[in-house]
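Okay, so here's the structure we're looking at.
The values are calculated or read from the model by the stated rules, or taken from the named source; none is laboratory data. Everything numeric in this text was worked out from a predicted model, so none of it was measured. Cβ coordinates were reconstructed from backbone atoms using ideal geometry, including for glycine residues, and neighbour counts include every protein chain displayed. All accessible areas refer to the heavy atoms of the entire protein, side chains included, with ligands and DNA or RNA removed. Shrake-Rupley method; radii C 1.70, N 1.55, O 1.52, S 1.80 Å.
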Amino acid sequence: MIRTVLVDDEMDNIRVLQRLLETYCPQVSIVGTAEGVESALQVIRTTKPDLAFLDIEMIQGNAFDLLNQLMPLPFQVVFVTAFDAYAIRAFKYSAVDYLLKPVDVDDLCRAVEKAVARQEQKDMAHIRVLLENVGAMQLAQQKMAVPTASGLNFVTINDIIRFEAQGHYTVIYLTYGESLLTTRNIKEYEDLLPDSIFYRVHHSHIINLQKILKYQKGRGGFVTMEDGVSIEIATRRRQDFMQRLVK
């Protein structure tokens, strides 16, 4: 069900729209109604709807005054109005649709179907992010075999702060203050490890994104890791790296 509020300065219009939605749009659950900007603010903040049907001209202002107080919008919007002069402005708010009164049933159903489709896409995006995060957490607890000159060391992935290239070898720095000189080169670790956790910020460095303490601006910038070491970000990698930080 898509949780919905109805806002119009005429209660008769609310009743008509509510009856149409209940009759033709079973996907909709009406969780609140309001007749003005102030009451709509209260209803929306209380009910946290997925969708709002908004009349544009109403008591104490208009729908744009209302939406400007709620930006960025956590819900979808369908405008319902007797005037078509606001259409261009309405779509600046990423409106699902713009319906003229009296509301045509077919247009109403199409608007609801678009809102439902958008909501499903949003829900799936949240689920994908959740699954990626859960997968990364599970992976971080797994152990990795690290070949050294004397044999194999088994290291929990989450204990790795960073990798640093030393010629054809790589030094792995760990959370408990130890380090290992491994016989693999850093490119092998770049290919082996998940990029959701580890990122190659420089030709000589791979870092654990979860072990960053701070980022400092500069040409490419610098990160300070949990072991206190500051590492330069290659200029060519800065943009991609910053996008990863804000995910």
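Dividing the summed helix terms, -39500 (n - 2.57) for each DSSP H run of n ≥ 4, by the number of residues in the chain produces a 222 nm estimate of -11000 deg cm²/dmol to the nearest 500. Extending 7 Å from Cα along the Cβ direction at Ser39 and again at Leu73 yields two label points whose distance is 2.2 nm.
Length gained on full extension, Arg110 to Asp195: 26.5 nm, using 0.36 nm per residue less the C-alpha separation. Approximating the spin labels as points 7 Å out from Cα along Cα→Cβ, the Thr46-to-Glu10 distance works out to 2.5 nm.
For Lys214, the solvent-accessible surface computed with a 1.4 Å probe is close to 110 Å², ligands and nucleic acids excluded.
Note on the chain: with a GNM built from Cα contacts shorter than 10 Å, the maximum mean-square fluctuation among Gly36, Gly61, Gly177 falls on Gly177. Extension gain for Arg118-Thr175 works out to 16.2 nm (0.36 nm per residue, less the C-alpha to C-alpha distance).
Residues whose amide H falls under 5 Å from that of Thr33, counting only those 5 or more places apart or on a different chain, are Leu6, with hydrogens built in the peptide plane.
Full extension of the chain segment joining Ser150 with Gln243 gains 29.5 nm, where the gain is 0.36 nm per residue of separation less the Cα-Cα distance. Pairs of Lys residues in the chain are counted when their Cα atoms are under 27 angstrom apart and they lie 8 or more places apart or on different chains; the count is 24.
Would you mind classifying the chain by shape? Square roots of the alpha carbon gyration tensor eigenvalues, ordered a ≥ b ≥ c; an a/c under 1.5 is rounded, otherwise it is prolate if a/b is larger than b/c and oblate if not. Because a/c hits 1.5 or more and a/b exceeds b/c, the chain counts as prolate. Most tightly packed first, judged by the mean number of other beta-carbon atoms within 10 Å of their residues, the peptides 152-160, 66-74 read 152-160, 66-74. Rounded, prolate or oblate, given the Cα gyration tensor of region 159-247, with a/c below 1.5 counting as rounded? It is prolate, given that a/c is not under 1.5 and a/b is the larger ratio.
The phi torsions of region 69-75, fed into the Karplus equation with coefficients 6.51, -1.76 and 1.60 and a -60° offset, translate into couplings of 7, 10, 5, x, 5, x, 9 Hz, rounded to whole numbers, with Gly and Pro shown as x. For Met144, the residues whose modelled amide H falls within less than 5 Å of its own, excluding neighbours fewer than 5 places apart on the same chain, are Val155, Thr156, Ile157.
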